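Have a look at the structure below, then the notes.
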Amino acid sequence: SAPQSSDLRRSPPLRRAHARSRMIPSDSAGCSVGIEFAFHTVQAQGLAAALKATCDKVAVATGVQCEFVVTGSAKRFPLRAEEQLLRIGQEAVTNAIRHASPQRIQVMLDYDDRNVHLRVSDDGRGFDPSVSPAEQEGHWGLADMRERAKRIGAKFTLSTEPGQGTRIETTVPFKLAS
């Protein structure tokens, strides 16, 4: 389900993300991953199916190789947490397409006994993490991802450097997601 209107008023990053939600992810070539379709997939089939659908659509629309991998035994957890992880994954893929010019993106969902880890990595141009892209006009993707992770008790990690691609990891302990 969508964030509640009271949540949107309290959180500028989520308010901005919600305003763009009908378009994200979309690149300058018009790639549209289909947010509403993906949310229905999360509800019906789970997070793994929705992330796979995201990768498949990105690959077809952009020609960028988008690989989806699941390790461990997939577990369902509260829909709110699955939807937030989906949005983080979609935003990370969108950022890669829009800003990094990658040849390859990998989305990995790794389940272990205590956590689910969402990793999105690309072989694009990377950036200097000491210069926040949010400081540039209209670049709020990282702030949105961090805010979404915080709302579900997840740890959010960014690894990048110029010329070396980018890796986003979000780890949610099952006990916090329930």
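The values are calculated or read from the model by the stated rules, or taken from the named source; none is laboratory data. Note that this is a predicted model, so its numbers are computed, not measured. All Cβ positions, glycine included, derive from the backbone under ideal geometry; neighbour counts span all protein chains shown. Side chains included, ligands, DNA and RNA excluded: accessible areas come from the protein's heavy atoms. Shrake-Rupley method; radii C 1.70, N 1.55, O 1.52, S 1.80 Å.
Numbers below:
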read-out	value
Filter result for S121 (open to solvent by 10 Å² or more (accessible area, probe 1.4 Å) and either in a helix (DSSP H, G or I) or under 20 Å from R148 (Cβ atoms) (or both))	yes
Whichever residue in region 27-65 is hydroxyl-bearing (S, T, Y) and at pLDDT 90 or above and, among such residues, is most open to solvent (accessible area, probe 1.4 Å)	T62
Output for region 94-110, where each listed residue is under 12 Å from the mean Cα position of the chain (by Cα) and farther than 12 Å from G165 by Cα	T94, V107, M108, L109
Residue check, E169 at pLDDT below 95, charged (D, E, K, R) and open to solvent by 30 Å² or more (accessible area, probe 1.4 Å)	no
Residue match in region 74-97 (condition: open to solvent by 50 Å² or more (accessible area, probe 1.4 Å), within 21 Å of K52 (Cβ to Cβ) and in a helix (DSSP H, G or I))	yes
Selection count, region 98-114, where residues are within 18 Å of K155 (Cα to Cα) and open to solvent by 30 Å² or more (accessible area, probe 1.4 Å)	5
Single condition I88 does not satisfy, out of (1) over 16 Å from W140 (Cβ atoms); (2) at pLDDT 50 or above; (3) among the β-branched types (V, I, T)	(1)
